[in-house]
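The values are calculated or read from the model by the stated rules, or taken from the named source; none is laboratory data. This one's a predicted model, so the numbers in the text were calculated from it and none came from an experiment. Reconstructed Cβ throughout: ideal geometry from the backbone, glycine too, with neighbour counts over all protein chains shown.
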Amino acid sequence: MRACRGSLCPEVPRVLASGLVMLLLFSQVVLAAPPRVMKAAPDNGDRDIDPALKQLRIEFDQDMNPGGMSICGAQGLDITGKPRWANKRTLIVPVKLKPGQKVELSVNCPSAQNFKSAAGESAEIYPITFEVRKAGAKPAPPLPADEKREAVSRLRKAIDERYSYRDRLSIDWDARFDEFAPKLAAAKNWSEFARTTAELLSAAEDPHIWLTLGDQTIGTHQRQVEPNFNARLLPKLVPGWKLHNRAVATGRFEDGIGYVLIATWSIQDEADLQPAIDALREFADAPGIVLDVRANGGGSELLARKIAGCFLEKPTPYARNVIRDPALPGGFSKVFDRVVEPCEPAVKAPVAVLMGPKNMSSCESFLMMMAEAPRATLVGGPSYGSSGNPKPHELAEGLMVFLPSWKDMQLDGSLHEGNPLNPDVEVQASPADFASGDPVLERALELLRSAK
């Protein structure tokens, strides 16, 4: 944890009750893993599906509770009967396909998660998109073996020469490629090849590795985090709540403390960030500001600088990195310092930055920037701990793999990947605590008000 330099930092207790520590450790051990979809037929990214197909098959990695299910979306698909469980792990959904249609659905989704394991854990969200063959069209020819071999060769070269975290987990990549060679050689089409490749790469446990096949995205690792906020409750807890767009919401408490939420740095139009900048200008001399980024999973680091710079008076280094380049000695560039410049409006108010486990990538860079702001205090829970600056590498026509291109580091030179950022003031709370309140927001307000 960084040295506590914000004006709101309380003393940190040195000793925790041993019984509580043991209870927390025990609960982590016995907690059941959420179920995952092992495969589906048709599966995500499939093309040239026979329009005469009568059922969708979904297979999970563990026994499921047959009492509930959530098939979300189902665009371009007619479900013709009641889904049934063929066994404890396999669901059969009777369907009617329309020739030439693109079908989109999801096994569970953020608003409905009734697919649960026998132990009661909700299944990971699994999107499925596939294309149905046009009426009268002939089946696509088999995928040429030489094209598959070339794609495997390109993948291996990219992993060896361009993947910046190739050796972080000490993966035996030779053994990994040998294990998956038969599956890749047997792939009937590029979608099956891409899914098998994603499975091969899943050993890296890296959310910054994914594949694209045409307009389809196929992930290799889905991070499991429990958010430390309740998005549905926030409009009730923040007076004057106003949702400006999908990225920014603002409000103001009765005592003048301002509230700014920035839900993402992945903003299509830079103008979407303007309501946050306008709010900071309005709150520049307020008794305090709550800057909430708990829902933010990253995006543009340059946009993040436009907000963090409002709290700094001079150019300030906040992070370091090296870039993977096989042409250089040691395979990496020199160390670069990343610097945030002061921006307008200049905010003098103390700020509590709300953070948590959903924060990763460019949002963690933002937290590093705010850690250098003299009047800022980070409040909440540890971040996720991942930053990759992924770059694309072509495997075949229309098939790309994205791999992290740098090693992100904190100012002391320590590797950021796999090492979460810690808040100045940690708020320990269970999901149940956010059902009717917000302990993180409450603690931030308490700190701001006590600093007056």
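Hey, any hits in region 269-279 for a residue that's in contact (Cβ under 8 Å) with a residue 40 or more places away in the chain, over 23 Å from the mean Cα position of the chain (by Cα) and assigned by TED's automatic domain parsing to the domain that holds Val427?
Yes: one or more hits.
For Asp48, which of the numbered conditions (1) crowded, with 20+ Cβ neighbours inside 10 Å; (2) on the phi > 0 side of the Ramachandran plot fails to hold?
Among (1) crowded, with 20+ Cβ neighbours inside 10 Å; (2) on the phi > 0 side of the Ramachandran plot, Asp48 violates only (1).
Can you pull out the residues in region 406-424 that are surrounded by fewer than 21 Cβ atoms within 10 Å (Cβ to Cβ) and touching a helix residue (DSSP H, G or I) at 6+ places or on another chain (Cβ under 9 Å)?
Residues satisfying the conditions are Gln410, Leu411, Pro420.
Wholly within region 277-360, which strands (runs of 3 or more DSSP E) include no fewer than the required count, namely at least 3 residues that are buried (at least 24 other Cβ atoms within 10 Å of the Cβ)?
289-292, 351-355
State the number of residues belonging to region 236-276 that are more than 18 Å from Val353 (Cα to Cα) and not in a loop (DSSP other than H, G, I, E, B).
Counting residues in region 236-276 that are more than 18 Å from Val353 (Cα to Cα) and not in a loop (DSSP other than H, G, I, E, B) gives 7.
From the set of residues in region 210-234 that are free of Cβ contacts under 8 Å to residues at least 40 places away in the same chain and exposed (fewer than 14 other Cβ atoms within 10 Å of the Cβ), which is nearest to Glu446 (Cα to Cα)?
Result: Arg232.
Does Gly380 satisfy the criteria of being surrounded by fewer than 22 Cβ atoms within 10 Å (Cβ to Cβ) and on the phi > 0 side of the Ramachandran plot?
Considered against the rule, which asks whether it is surrounded by fewer than 22 Cβ atoms within 10 Å (Cβ to Cβ) and on the phi > 0 side of the Ramachandran plot, Gly380 comes out as no.
For a quick check of your reading of the model, give me the residue pairs whose first member lies in region 377-388 and is more than 20 Å from Glu417 (Cβ to Cβ) and in contact (Cβ under 8 Å) with a residue 24 or more places away in the chain, whose second is in a loop (DSSP other than H, G, I, E, B) and of a type in the set (A, V, I, L, M, F, W, C), with beta-carbon atoms closer than 7 Å and at least 6 apart or on different chains.
Partner pairs satisfying both residue conditions: Thr377/Leu8; Thr377/Cys9; Val379/Val427; Gly380/Val427.
Okay, residues lined up against (1) assigned to a loop (DSSP other than H, G, I, E, B); (2) touching a Cys at 6+ places or on another chain (Cβ under 9 Å); (3) buried (at least 16 other Cβ atoms within 10 Å of the Cβ):
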{"position": "Asp78", "(1), (2), (3)": "no, no, no"}
{"position": "Leu105", "(1), (2), (3)": "no, yes, yes"}
{"position": "Ala119", "(1), (2), (3)": "yes, no, no"}
{"position": "Gly136", "(1), (2), (3)": "yes, no, no"}
{"position": "Glu150", "(1), (2), (3)": "no, no, no"}
{"position": "Lys157", "(1), (2), (3)": "no, no, no"}
